[in-house]
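J.: First, the structure itself, so that you have it in front of you.
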Amino acid sequence: MARIAGVNIPTNKRVTIGLRYIYGIGPTKAAEICQKLSIPDDRRVNQLSDEEVLRIRELIDREFRVEGDLRREVAMNIKRLMDLGCYRGLRHRRGLPVRGQRTHTNARTRKGKAVAIAGKKKVTK
């Protein structure tokens with residue numbers, strides 16, 4: 001099992017798919033890494049040599065912000081918005097959708113499970 005940027009990469013998957021397990025690397029960056037290091041698309045993680053894994057690790061450390069550093073940066077950006085007290089910061093603080101989505105219905109992912117209101121009767125038509 002290859003360990004890159006503190007993440008165990010699944011051995012039986014293709015390299016471009018396996019690299020996506022690292023926070024901050026998606027399809028585009030994974031393909032870019034493989035293309036820069038001239039790793040074929042059909043190569044599996046368990047077929048990589050130790051030298052190739054080392055080259056991947058060094059390239060990611062040198063050129064990309066991933067895992068802990070990226071998570072910390074995102075958290076700091078959100079904290080900055082909250083400290084400023086701007087609209088987006090207030091939405092983060094209240095746990096509501098930040099990017100203008102409707103909240104009258106939906107928004108359950110952000111708001112959490114619906115809570116029943118005591119004494120409220122349903123209107124029948």
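J.: Considering only the stretch 5-27, state which residues are open to solvent by 20 Å² or more (accessible area, probe 1.4 Å), closer than 14 Å to residue 44 by Cα and assigned to a helix (DSSP H, G or I).
T.: Selection gives 17, 20.
J.: Another question, if that's okay. If the Cβ limit is 6 Å and pairs must be 6+ apart or interchain, which residue in the stretch 39-66 that is over 15 Å from residue 20 (Cα atoms) pairs with which residue that is among the aliphatic types (A, V, I, L, M) and open to solvent by 20 Å² or more (accessible area, probe 1.4 Å)?
T.: These pairs meet every condition: 55/37.
J.: Here's something else I'd like to know. Suppose we filter the stretch 28-46 for residues that are assigned to a loop (DSSP other than H, G, I, E, B) and either open to solvent by less than 30 Å² (accessible area, probe 1.4 Å) or closer than 14 Å to residue 60 by Cβ (or both); how many remain? Steps first, answer last, please.
T.: So in the stretch 28-46, the residues assigned to a loop (DSSP other than H, G, I, E, B) come out as 37-43.
Narrowing further to those that are either open to solvent by less than 30 Å² (accessible area, probe 1.4 Å) or closer than 14 Å to residue 60 by Cβ (or both): 37, 39.
The number of residues fulfilling the criteria is 2.
J.: Same structure, new question: Name the helices (runs of 4 or more DSSP H) wholly inside the stretch 64-125 in which the number of residues that are open to solvent by less than 60 Å² (accessible area, probe 1.4 Å) is 1 or more. Lay out the reasoning, then the answer.
T.: Details: elements: 67-84, 87-94, 108-111.
Passing ranges, in order: 67-84, 87-94.
J.: Looking at this structure, is residue 43 of a type in the set (D, E, K, R) and within 23 Å of the chain's Cα centre (by Cα)? Please lay out each step first, then the result.
T.: Working: of a type in the set (D, E, K, R): yes; within 23 Å of the chain's Cα centre (by Cα): no.
No; evaluated as a whole, the condition is false for this residue.
J.: May I pose another question? What about residue 6, is it touching a residue at least 40 places away in the same chain (Cβ under 8 Å) and touching a helix residue (DSSP H, G or I) at 6+ places or on another chain (Cβ under 7 Å)? Spell out how you get there, then give the answer.
T.: Numbers: touching a residue at least 40 places away in the same chain (Cβ under 8 Å): yes; touching a helix residue (DSSP H, G or I) at 6+ places or on another chain (Cβ under 7 Å): yes.
Judged against the criteria, residue 6 is a match.
J.: Evaluate the stretch 79-97: report whether one residue or more is at pLDDT below 95 and within 21 Å of residue 1 (Cα to Cα).
T.: No: zero hits.
J.: Can you find even one residue in the stretch 56-68 that is touching a helix residue (DSSP H, G or I) at 6+ places or on another chain (Cβ under 7 Å), of a type in the set (Asp, Glu) and under 30 Å from residue 1 (Cα atoms)?
T.: No: zero hits.
The values are calculated or read from the model by the stated rules, or taken from the named source; none is laboratory data. All figures in this text were calculated on a predicted structure; none of them were measured in a lab. Every residue, glycine as well, gets a Cβ built from its backbone with ideal geometry; the counts of neighbours run over all protein chains shown. The area values use the complete protein model at the heavy-atom level, side chains included, leaving out ligands, DNA and RNA. Shrake-Rupley method; radii C 1.70, N 1.55, O 1.52, S 1.80 Å.
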